[in-house]
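Written out below as structure tokens is the structure these notes cover.
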Amino acid sequence: MAQRTSTRDPQDMPTSFGFATVAQGEKQALVDDVFHKVASRYDLMNDLMSGGMHRLWKDAMVSTLAPPRSAVRPWIVLDVAGGTGDIATRIVERSGGTAKAVVLDINGSMLAVGRDRAAKAGHADAIRFTQGNAETLPFPDRSFDAYTIAFGIRNVPDIPRALREAHRVLKRGGRFLCLEFSEVDVPMLDRVYDAFSFNAIPAIGQAVTGDGEPYRYLVESIRKFPNQARFAEMIREAGFERVTWRNYSGGIAALHSGWKL
């Protein structure tokens, strides 16, 4: 069985694929393959990994963002690694249609799911889907009022570069919000969560989808991701100010916030 501890060193992220070490430049293709496999069952994936709590955490994220219900100019959010459109849809609906969203994802399978969902929900005009890389965003400087990313940044090989890109494309006064699985800080809950994650999630993934390996990678990738304090430091290093975080469910997930001032 793979070792279940992690240094959570950001320098390991470009070459870590779960607990495996891969060559420089190989991680992105491996991550893409994982999400091609789980795209049609993305919500199920997050249900398995969070016990269904991801839906409440995402609602809380959008409440924290508080998209305007009226605006004198277009208010546009960039949702990165949000291919299925679940965050963008929440933002558009919470704003009463005032907000517009651009969803960027590197994975075409995830985007296909999102486009279909947006059309069925009547949001095709409010949500635009674009294929691209979080490390090299295909947008001009100061293009967006907000940048959101939920359960996606730990899969980006060069996280500092992605954070700098987030800062670049935000307008002055724009907000960065990142929801991500994090480090549990409640005694005993960490052991229970580890046991569930490593033993149950891959087995359930195998039973439900016929392939448990993508779920094993996703569990391991959480343990490689920097903890709350270190990730907050990375956000500051990218140029953001007033950086804070809020734990959900004892640190199983955390919402990080920063501002471009």
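The values are calculated or read from the model by the stated rules, or taken from the named source; none is laboratory data. Small disclaimer: the values here were computed from a predicted structure and weren't measured. Positions of Cβ are backbone-derived with ideal geometry, glycine not excepted, and every protein chain shown enters the neighbour counts. In case anyone asks, the SASA skips ligands and DNA or RNA and just uses the protein heavy atoms, side chains included. Shrake-Rupley method; radii C 1.70, N 1.55, O 1.52, S 1.80 Å.
Consider residue 53 carefully, then state whether it is open to solvent by 30 Å² or more (accessible area, probe 1.4 Å) and within 23 Å of residue 245 (Cα to Cα). Taking the combined requirement at face value, the residue satisfies it. In segment 180-205, the residues that are closer than 14 Å to residue 253 by Cβ form Cβ pairs under 7 Å with partners that are among the small types (Gly, Ala, Ser) and surrounded by 21 or more Cβ atoms within 10 Å (Cβ to Cβ), at six or more places apart or across chains, as follows: 180/253; 180/254; 181/253; 182/253; 182/254. Within segment 111-129, residues that are farther than 20 Å from residue 94 by Cβ reach partners that are in a helix (DSSP H, G or I) and of a type in the set (Gly, Ala, Ser) with beta carbons closer than 8 Å, at six or more positions or on different chains, in the pairs 112/39; 113/39; 113/40. Residue check: is residue 100 of a type in the set (D, E, K, R), touching a helix residue (DSSP H, G or I) at 6+ places or on another chain (Cβ under 8 Å) and in a strand (DSSP E or B)? Answer is yes for this residue. Taking the numbered list (1) in a helix (DSSP H, G or I); (2) open to solvent by less than 10 Å² (accessible area, probe 1.4 Å) in turn, residue 254 passes all entries but (1). Among the residues of segment 59-80, is any in contact with a strand residue (DSSP E or B) (Cβ under 7 Å, 6 or more places away or on another chain), more than 23 Å from residue 195 (Cβ to Cβ), among the charged types (D, E, K, R) and part of a helix (DSSP H, G or I)? Scanning segment 59-80 turns up no residue that is in contact with a strand residue (DSSP E or B) (Cβ under 7 Å, 6 or more places away or on another chain), more than 23 Å from residue 195 (Cβ to Cβ), among the charged types (D, E, K, R) and part of a helix (DSSP H, G or I). For residue 136, the conditions (1) under 19 Å from residue 27 (Cβ atoms); (2) at pLDDT 95 or above; (3) open to solvent by less than 10 Å² (accessible area, probe 1.4 Å) are fulfilled apart from (3).
Every residue, every condition in (1) at pLDDT 95 or above; (2) open to solvent by 20 Å² or more (accessible area, probe 1.4 Å); (3) under 29 Å from residue 226 (Cβ atoms), yes or no:
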position	(1), (2), (3)
64	yes, yes, yes
111	no, no, yes
121	no, yes, no
142	yes, yes, yes
154	no, no, yes
